[in-house]
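First the structure, in the form of structure tokens, and then the observations on it.
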Amino acid sequence: MSEVAEANEDRRKYEFRKVIEELQDFEGSGTQLVTIYIPEEKLLSDVVAHVTQEHSEASNIKSKQTRTNVQDALKSIKDRLRYYDTTPSNGMVLFSGAVNTGGGRSDMVTRVLESPPTPIQSFRYHCDSDFLTEPLEGMLEDKGMFGLVVLDRREANVGWLKGKRVEPVKSAESLVPGKQRKGGQSAQRFARLRLEAIDNFYQEVAGMANDLFVSKRHELDGILVGGPSPTKDEFIDGDYLHHELQDKVLGKFDVAYTDESGLKDLVDSASEVLADQEIVEDKQQMEEFFENLNTGKKATYGFDRTRRNLIMGAVDRLLISEDLREDVVTYECEQGHEQFELLDSRHEAADSQECSECGQSASAADREDAIEHLMTIAEQRGSETKFISTDFEKGEQLYDAFGGIAGILRYDSGI
Ligand SMILES: [Zn+2]
């Protein structure tokens with residue numbers, strides 16, 4: 001993926017996450033919030049037919065208010081679907097319904113999320129007192145691509161783990177004879193033939209893995225190998241895999257089955273390793289930040305300083321805490337001085353404040369999401385943006401001690 005595409009993807013993920021968090025907070029007073037997941041290959045005409053059907057069935061709902069709300073939600077979804085000729089790539093999700101706004105009032109809300117980061121797997125129609133956001137949340141947590149190999153001496157499967165999704169790709173069965181030799185065969189000859197057959201099978205499995213993974217080795221975050229002992233050990237210790245893949249093996253795991261379900265077992269068994277792997281890059285970024293902060297001057301933090309460094313083009317990487325959710329309000333005085341205040345998105349901003357440079361009154365000129373504000377400058381100046389998890393100590397520090405915003409600089413900017 002090019003750097004620009006990657007930056008856009010980070011931004012998209014951030015925008016998705018924000019919408020999801022907003023949707024999570026909504027509640028309907030009855031079973032009246034509609035969520036529809038549409039995979040890319042689903043025809044929109046079929047979806048419209050489904051929604052029409054649900055609309056007519058909703059006429060059986062006893063409570064008049066719920067009935068009206070569900071039907072309004074479905075109508076709103078149908079209206080939105082009219083804007084599309086075809087299903088967007090990776091599919092789309094629609095949310096609509098009357099949500100509680102307090103004091104017995106409600107408000108119609110409709111949101112459409114197009115082209116999520118990973119493909120939507122199946123069509124889902126969901127009507128409940130909450131919007132269904134879990135499948136999307138799962139996609140946003142998804143990081144990385146891993147190669148999977150499960151094998152014993154009889155059978156092997158190779159496939160992908162892309163985000164949370166396991167994709168079986170190829171399988172093989174061996175011709176390794178069982179442990180019981182037939183009458184008339186010498187024990188020695190039998191043992192030799194058997195070892196040869198095992199070796200051939202390992203080579204065949206490695207061939208499948210190489211075919212699949214070698215061309216993707218630079219995008220690959222690691223390889224997991226599973227199976228019973230000693231098969232998986234023999235396979236790894238015997239260096240059957242291409243040497244560049246061999247270096248990417250994150251570990252070997254006990255897995256009872258080696259069919260397609262074994263690939264899923266492998267991912268389950270490796271969950272700790274995978275969780276660590278997800279934050280490996282985040283950890284490296286934070287190590288580098290602290291190193292620069294302690295030993296040199298190529299580090300910055302806090303909204304104001306980071307922003308000024310970004311504008312100068314001094315920021316190599318902008319580091320933003322995944323948990324940061326703030327708006328930035330821009331205040332401007334008559335002399336044209338600008339100053340900024342960060343605010344929780346639910347808080348009202350003051351209309352004006354004193355300009356710290358000239359002491360005159362500065363009025364609120366603009367309010368926007370703080371991260372989007374910084375990312376926009378970063379994109380214009382060719383700085384990369386990295387979102388940093390709070391699931392490790394230094395990631396937590398970024399959020400707690402540095403206000404969730406920091407940067408690794410290209411040079412000492414003097415700011
Ligand atoms: Zn001023």
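The values are calculated or read from the model by the stated rules, or taken from the named source; none is laboratory data. A quick note: this is a predicted structure, and the numbers were derived from the prediction, not measured. Here the Cβ is made from the backbone with ideal geometry for all residues, glycine too, and neighbour counts use every protein chain on show. Surface accessibility is based on the protein's heavy atoms, side chains included, excluding ligands, DNA and RNA. Shrake-Rupley method; radii C 1.70, N 1.55, O 1.52, S 1.80 Å.
In region 368-399, the residue that is surrounded by the most Cβ atoms within 10 Å (Cβ to Cβ) out of those that are in a helix (DSSP H, G or I) and polar (S, T, N, Q) is Gln397. The residue list Glu354, Glu348 contains one member that is out of contact with any Lys or Arg (no Cβ under 8 Å at 6 or more places or on another chain) and either modelled with pLDDT under 95 or among the β-branched types (Val, Ile, Thr) (or both), which is Glu348.
Of the candidates Glu204, Glu234, the single residue that is among the acidic types (Asp, Glu), open to solvent by less than 70 Å² (accessible area, probe 1.4 Å), over 30 Å from Ala406 (Cβ atoms) and not in a loop (DSSP other than H, G, I, E, B) is Glu234. State yes or no: is Ser271 assigned by TED's automatic domain parsing to the domain that holds Phe253, more than 16 Å from the ligand (Cβ to nearest atom) and either in contact with a helix residue (DSSP H, G or I) (Cβ under 8 Å, 6 or more places away or on another chain) or not β-branched (Val, Ile, Thr) (or both)? Answer is yes for this residue. Does region 350-367 hold any residues that are free of Cβ contacts under 8 Å to residues at least 24 places away in the same chain and either surrounded by fewer than 16 Cβ atoms within 10 Å (Cβ to Cβ) or near the ligand (Cβ under 8 Å from one of its atoms) (or both), and which are they? Once the filter is applied, which keeps residues that are free of Cβ contacts under 8 Å to residues at least 24 places away in the same chain and either surrounded by fewer than 16 Cβ atoms within 10 Å (Cβ to Cβ) or near the ligand (Cβ under 8 Å from one of its atoms) (or both), region 350-367 yields Ala350, Asp351, Ser352, Glu354, Ser356, Gly359. Looking across region 325-349, the residues that are closer than 30 Å to Phe289 by Cα, open to solvent by 10 Å² or more (accessible area, probe 1.4 Å) and more than 16 Å from the ligand (Cβ to nearest atom) come down to Arg325, Glu326, Asp327, Leu342, Leu343, Asp344, Ser345.
Would you mention how many residues in region 302-328 are over 15 Å from Glu338 (Cβ atoms) and not in a helix (DSSP H, G or I)? Number satisfying all stated conditions: 16. Is one or more of the residues making up region 288-301 open to solvent by 50 Å² or more (accessible area, probe 1.4 Å), assigned by TED's automatic domain parsing to the domain that holds His373, of a type in the set (S, T, N, Q) and more than 18 Å from the chain's Cα centre (by Cα)? Yes, region 288-301 has at least one match. Can you confirm whether Arg153 is over 30 Å from Thr35 (Cβ atoms) and out of contact with any helix residue (DSSP H, G or I) (no Cβ under 9 Å at 6 or more places or on another chain)? Here the answer is no, as Arg153 does not meet what is asked. Looking at region 69-84, which of the residues that are closer than 14 Å to Ala58 by Cα and without any contact (Cβ under 8 Å) to a residue 24 or more places away in the chain is most open to solvent (accessible area, probe 1.4 Å)? Once the filter is applied, the top-ranked residue is Lys75.
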